[in-house]
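Chemist: Below: one structure in structure tokens.
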Amino acid sequence: MKKLAVYLSEDLYHQLAQRAAQQGASVEELVRFAVTQTYLRPPAPPVAATPSPAPTEDAPQPKAKPPVAPKTKVRPRRPVPTPLLPSVPPQPTTPREPVPDELYVRHQTVDEAIYRLEAYLDAAFLAGHILVRVVHGKGGGILKRAIWQRLKEHPLVRSYRLAQVGDGDAGVTVVELVRR
């Protein structure tokens, strides 16, 4: 016989313990009896009730034990296979907005420009761009230095350089993204 752990709430356990004390059985026997009667036996046809003889005060009453079900072999149920869920949510089927090949961040703070640069690089990579331009302006070079520092650490960036003369030179950075 295999053992099976059954977890009962405290209330249910106390009710079963009271019933077991009344019947002179253990809680385990009551649970085993209930399980075997419920799951292993076919429903019995109704039996007509016969009147029992009236108890006499002289005769001691025997303790009633629950009937023991005959041992039968039970085939274990096959586990129901759970469907495999994709680890990545499905991509939307609607077309996205086209991603331009140039990001304009002039006259923005460093934090704003870096935030927009991060989002733009991700979108440009997903859109399949290989070369993109970041227009940061010439100015004092603060924005350019911050952008170049971030480009140096970014995993999607393969290389970056200043644009050629006549194409924006020191005010534009050309970024080459990694290939998918």
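What follows draws every value from the coordinates through simple rules; no lab data is involved. Because the structure is a prediction, the values reported are computed rather than measured. A quick note on method: Cβ atoms are made from the backbone with ideal geometry, for glycine too, and the neighbour counts reach across all protein chains shown.
Chemist: Identify all residues within segment 107-145 that are part of a helix (DSSP H, G or I), surrounded by fewer than 16 Cβ atoms within 10 Å (Cβ to Cβ) and of a type in the set (Lys, Arg); write none if there are none.
Modeler: Residues satisfying the conditions are 116, 145.
Chemist: Related question: Tell me which residues, restricted to segment 146-180, are of a type in the set (D, E, K, R) and either surrounded by 12 or more Cβ atoms within 10 Å (Cβ to Cβ) or out of contact with any helix residue (DSSP H, G or I) (no Cβ under 9 Å at 6 or more places or on another chain) (or both).
Modeler: 150, 152, 153, 158, 161, 167, 169, 176, 179
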